[in-house]
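For reference, the structure discussed in these notes is given below.
Derivation of every value follows stated rules applied to the coordinates shown; laboratory data play no part. Quantities reported herein were computed from a predicted structural model and do not represent experimental measurements. Cβ: placed from backbone, ideal geometry, glycine included. Neighbour counts: every protein chain shown.
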């Protein structure tokens with residue numbers, strides 16, 4: 001079973017953000033603390049989704065399932081507006097934390113794939 005090790009995953013996230021921010025010169029393109037908090041919340045719900053998905057249909061680390069979510073859910077988790085959640089997702093994609101986003105229309109959740117360098121698993 002694949003379970004996210006949150007301690008090491010959050011450390012990997014911080015390291016990725018730090019590396020990204022050092023490369024960027026302008027403050028307006030850096031990943032800020034609120035965006036990191038959004039990424040942390042997304043990783044928490046992704047860990048839960050992975051555990052549920054693995055029980056239904058086992059998968060390998062080569063083909064991780066996506067996280068299905070929407071801006072409303074993210075906004076509730078982070079206590080922000082849907083527009084802020086959307087802006088955070090854009091910046092997280094630019095930083096390479098989210099490597100792919102597939103939009104299925106305004107009435108359906110979209111799918112997010114995380115950078116495998118940020119994910120640290122416990123195999124049990």
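Odds and ends about this structure:
- Multiplying the residue separation of residue 44 and residue 27 by 0.36 nm and subtracting their alpha-carbon distance yields 3.4 nm.
- Inter-label distance, nm, simple model (7 Å from Cα along the C-beta direction), residue 117/residue 90: 2.4
- Within the listed set 93, 22, 73, the residue fluctuating most in the Gaussian network model of the chain (springs between alpha-carbon atoms under 10 angstrom) is 22.
- Across the chain, the fraction of Cα-Cα pairs farther apart than 23 Å, rounded to a whole number, is 29%.
- Length-normalised contact order for region 34-124 - Cα pairs under 8 Å, 6+ apart - percent: 27
- Cα-derived Rg over Rh, computed across region 49-99 with Rh taken as Kirkwood radius: 1.07
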